[in-house]
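Inspection log for the structure reproduced underneath, given as structure tokens.
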Amino acid sequence: MNKKYLPTILAITVLILGPISVNAWTAAPASPSAGNVSGPLNTGDIAQSKVGGLILNNNGNSSDEYGLRVPSGKVGIGKTVLTDLFEIWYKTTTSESFIFTVDGTTGYVGIGTQDPASRLSVNGGIQPGFDPANCVAAKSGTLRWNAGTATIQVCNDASTWVNI
């Protein structure tokens with residue numbers, strides 16, 4: 001190649017590729033909150049919100065047996081202000097109803113009550129199903145429904161299902 005054409009080729013290259021290079025490195029015209037794109041979820045100690053769904057362990061990723069880990073803090077469904085470790089609320093457009101809680105201090109579970117007074121507190125009816133297993137010492141105190149006798153039975157210390 002003739003050296004006298006080299007400056008002309010460089011000038012044309014700069015004129016063509018210069019504007020393309022500048023546009024490739026130009027920042028986005030608006031920040032994520034101004035409607036450009038959604039911001040990513042980041043690590044850190046500042047609370048963040050996400051408008052769309054959050055999918056965990058997608059694409060068959062089985063390297064982790066847990067879908068969601070919360071090492072500290074509270075977890076809630078259907079409520080923004082929480083009092084216990086884990087709460088589930090049912091909300092409609094006109095009302096909200098408490099469903100389930102795990103007390104973070106005692107570990108007690110409440111179904112239909114926010115203040116469980118024992119390991120399991122239920123506010124409402126309990127409907128046991130049939131338990132086909134044999135009554136053994138490890139199952140002492142287990143309740144089951146026996147449709148044949150239309151009774152609730154308890155497994156006693158003598159390894160016998162007894163009608164209540």
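The values are calculated or read from the model by the stated rules, or taken from the named source; none is laboratory data. Predicted model, so just to flag it, every value in this text is computed and none were measured. Glycine also receives a Cβ, built like all others from the backbone with ideal geometry; neighbour counts cover every protein chain displayed.
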Looking at the structure I just gave you, is A158 in contact (Cβ under 8 Å) with a residue 12 or more places away in the chain and not hydroxyl-bearing (S, T, Y)? no
Taking T83 as meeting all but one of (1) modelled with pLDDT of 85 or more; (2) under 30 Å from T142 (Cβ atoms); (3) not in a strand (DSSP E or B), write down the number of the exception. (2)
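Matching residues to (1) among the aromatic types (F, W, Y); (2) surrounded by fewer than 16 Cβ atoms within 10 Å (Cβ to Cβ):
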{"residue": "W89", "(1), (2)": "yes, no"}
{"residue": "S95", "(1), (2)": "no, yes"}
{"residue": "T101", "(1), (2)": "no, no"}
{"residue": "G104", "(1), (2)": "no, yes"}
{"residue": "P116", "(1), (2)": "no, no"}
{"residue": "R119", "(1), (2)": "no, yes"}
{"residue": "A147", "(1), (2)": "no, yes"}
{"residue": "N163", "(1), (2)": "no, yes"}
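So which of G104, G129 is out of contact with any Gly (no Cβ under 6 Å at 6 or more places or on another chain), modelled with pLDDT under 90 and within 30 Å of L85 (Cα to Cα)? Walk me through how you get there before you give the answer.
Values: G129 fails: modelled with pLDDT under 90.
Exactly one of G104, G129 is out of contact with any Gly (no Cβ under 6 Å at 6 or more places or on another chain), modelled with pLDDT under 90 and within 30 Å of L85 (Cα to Cα), namely G104.
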